Amino acid sequence: MPQAGTGACRPAQAEVFRERLNSGAARLGTGRLLLLDDQRFVVYDSSAGDAVGTQLVLSKSTRFPNVFESQTPLGDETYIAAAARLPGKRVDPLGAVYVAMAQPQWFVAASAAGELAKRLLEAGGAALVLAMLLILLVIRSVTRPLTQLGAAAEDIAAGNYGSRVSIAGQDELGMLGSAFNRMAEAVERARKAERDFLANVSHELKTPLTSLIGFSQALVDGSLRTEPERTHAATIVHEESERVLRMAQELLDLARVEAGSISIHIASVDLGAQLEQELEIVKPRAATRSLRLALDVPDDIPPVAADGERLHQVLGNLFDNAVKYAPDGSTVTVDVRLSGAAVETVICNPAGAHRPDPDRMFDRFYRGDPSRSAAAGGVGLGLAISRELAAAMKGRLWADFDPSGQLRVHLTLPAAREAGSRPAASAVETAAEPRPVTPAAAPAASQGFRSGA
């Protein structure tokens, strides 16, 4: 009887158990509560019980410990279930071993999509705020240097040529800042050179104009009583007038050369004969100071491609400079040699007491010996003009010192295309048929150029 009574109670207990489970499962919505036996057959289904007797295939979850996962069709839909093993010691009229929660696959996908959309919106909002902050930083980092550049440009336009920007770096703005500072430095140097040029021109004109005004006034007012006095005054007026004229001509030549408007006619020129002729021109002045002139031109030196008249002007300036500033009794040497496809002429003489600056001696108005007057040393434009003329003839003019301390002036000119051996010419032959130079041309070509050697 006790056994029969116990067996009769189990169905009733199971029914009561199901009712309790159903009352709690009503709150699951689309979810289904499943109980499985030890063979993983469904012994309880909260949704009409149509899944009872269905066996689920459970696999251990890779994300959560002690949890099993399953994807199985229940009725007309596919469900995704998560199951856990129930504790072993309990009173269960259904004989359940596993409890599982199942949701339709579409619901899981929709929930995942909604969660993903939420996460995406949150991430997108954060990214938008971050992007706005970055944009503000980038705009500020760009506009601040540009504002600084604009202000510095306005300063330079207003005449403050010392204005610079403090923009550094390897990016485009840093390169722009460096380029702006280099441009500002170039503008400042050009402005300073312009001021120095005007000051030098004014200074060089002041002395001859003062002499012109003084002696001409003396001639006009009759204060010069004797004929020798009047002759002396007239001579000074004439010399100073020529000096002013030469300065004006040299300034005009320099402006034309720097502007590229000077006429250059390139032809094949016998450099050896030209050098011999130039030496003959300066030989009388060299003799007054006991200077020795030495020329070395190898026979295989080809003609050079140059403008004959301009080359005469350049060489005249260089020889006049060497003869004027070499110490008394010294030697001025002229050597010619091949330098690749060019012909190089090197004029070498002792530097004397006032060593010039080789990097500045071709600047306008440069004097190596500031104590020399303009009348004795010229105004300092000849070498500047010579350098520009050499460049216009596709050559180069520069200076340096040799190991013994002698000043060397280098002139390179391209060899003529019809390069051939230069016929040997003796100094006597060159002197016998000198190049025609008017008496006024020789002094004009050599006046006013100095290196300070």
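The values are calculated or read from the model by the stated rules, or taken from the named source; none is laboratory data. Small disclaimer: the values here were computed from a predicted structure and weren't measured. Here the Cβ is made from the backbone with ideal geometry for all residues, glycine too, and neighbour counts use every protein chain on show. Just the protein is used for accessible areas: all its heavy atoms, side chains included, with ligands, DNA and RNA removed. Shrake-Rupley method; radii C 1.70, N 1.55, O 1.52, S 1.80 Å.
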Practice prompt. Give me a count of the residues in segment 65-80 that are open to solvent by 30 Å² or more (accessible area, probe 1.4 Å), in a strand (DSSP E or B) and either modelled with pLDDT under 80 or of a type outside the set (A, V, I, L, M, F, W, C) (or both).
Written response: 5
Worksheet item: So is Ile266 in contact with a strand residue (DSSP E or B) (Cβ under 8 Å, 6 or more places away or on another chain) and either surrounded by 14 or more Cβ atoms within 10 Å (Cβ to Cβ) or touching a residue at least 12 places away in the same chain (Cβ under 8 Å) (or both) or not?
Response: yes
Worksheet, complete the sentence: For Gly177, the lone unmet condition from (1) surrounded by fewer than 16 Cβ atoms within 10 Å (Cβ to Cβ); (2) among the small types (Gly, Ala, Ser); (3) in contact with a helix residue (DSSP H, G or I) (Cβ under 8 Å, 6 or more places away or on another chain) is (1)
Worksheet, complete the sentence: Among residues of segment 249-263 being under 21 Å from His312 (Cβ atoms), hydrophobic (A, V, I, L, M, F, W, C) and exposed (fewer than 14 other Cβ atoms within 10 Å of the Cβ), the residue farthest from the chain's Cα centre (by Cα) is Leu252
Worksheet item: Of Ser268, Ser261, Ser241, which residue is within 23 Å of Ala415 (Cα to Cα) and among the polar types (S, T, N, Q)?
Response: Ser268
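When the residues of segment 219-273 are filtered to those that are β-branched (Val, Ile, Thr) and outside any loop (DSSP other than H, G, I, E, B), which remaining residue is nearest to Ala306 (Cα to Cα)?
The qualifying residue nearest to Ala306 (Cα to Cα) is Val269.
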Discussion item. Regarding segment 84-93, can at least one residue be identified that is among the aliphatic types (A, V, I, L, M), within 21 Å of Phe64 (Cα to Cα) and modelled with pLDDT of 75 or more?
Written reply: yes
Worksheet item: When segment 269-289 is examined, which residues are found to be open to solvent by 70 Å² or more (accessible area, probe 1.4 Å) and in contact with a strand residue (DSSP E or B) (Cβ under 9 Å, 6 or more places away or on another chain)?
Response: Lys283
Worksheet item: strands (runs of 3 or more DSSP E) wholly in segment 290-374 with at least 2 residues that are buried (at least 21 other Cβ atoms within 10 Å of the Cβ) - which ones?
Response: 304-306, 331-339, 342-349
Worksheet item: Which of (1) at pLDDT below 80; (2) in a loop (DSSP other than H, G, I, E, B) does Asp38 not meet, given it meets every other one?
Response: (1)
Worksheet item: Picking from Arg225, Arg243, which residue would you name as being of a type in the set (Lys, Arg), open to solvent by 70 Å² or more (accessible area, probe 1.4 Å) and either touching a residue at least 24 places away in the same chain (Cβ under 8 Å) or over 27 Å from Leu389 (Cα atoms) (or both)?
Response: Arg225
Worksheet item: For segment 401-415, how many residues meet the condition of being under 15 Å from Thr333 (Cβ atoms) and in a strand (DSSP E or B)?
Response: 6
Worksheet item: Checking Ser261 against (1) touching a residue at least 40 places away in the same chain (Cβ under 8 Å); (2) farther than 20 Å from Met361 by Cβ; (3) not β-branched (Val, Ile, Thr), which single condition isn't satisfied?
Response: (1)
Practice prompt. Find all pairs meeting these conditions: Cβ atoms under 7 angstrom apart; at least six residues apart or on different chains; first residue within segment 147-171 and under 20 Å from Arg189 (Cβ atoms); second residue charged (D, E, K, R) and part of a loop (DSSP other than H, G, I, E, B).
Written response: Ala152/Arg164
Worksheet entry | Failed criterion for Ser223 (all others in (1) more than 30 Å from Val314 (Cβ to Cβ); (2) at pLDDT 85 or above hold) | (2)
